[in-house]
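Asks: Take a look at the following structure, please.
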């Protein structure tokens, strides 16, 4: 499945709370979410390769799975 990371989510990756969370971490986490996501939904408890936990808000659109934002813990 194609993963689209919004500019907002990319910008959030530069914030202090999301430090050490990378785009490949997000892509791997989103690809592990099964099924279809019709509305923006928060998914909790993912872990980056660096060990930081984070949440993702994602939604399925016709061109793929859209990552709206990333929330670091």
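Quick note: the coordinates plus some simple rules give every number you see, no bench work behind them. Given the structure is predicted, the values throughout are model-derived calculations rather than measurements.
Asks: With an 8 Å cut-off on Cα pairs and a minimum separation of 6 or more residues, tell me the relative contact order of segment 3-72 in percent.
Replies: Values: 120 pairs, mean separation 27.6, N = 70.
It rounds to 39 percent for segment 3-72.
Asks: Give the Debye-formula value of log10 I(q)/I(0) at each listed q (0.24 Å⁻¹), with one equal scatterer per alpha carbon of segment 7-47, two decimals each.
Replies: For the requested q values the scattering log ratios are -0.98.
Asks: Turning to a different aspect of this structure: Expected output is a single nm value to one decimal: the length gained when fully extending between residue 14 and residue 39, i.e. 0.36 nm times separation in residues minus the C-alpha distance. What is it?
Replies: This chain segment gains 6.4 nm when fully extended.
Asks: Further question on the same structure: Determine how many Å³ per residue the convex hull of the Cα atoms of the chain encloses.
Replies: Convex hull of Cα atoms, per residue: 74 Å³.
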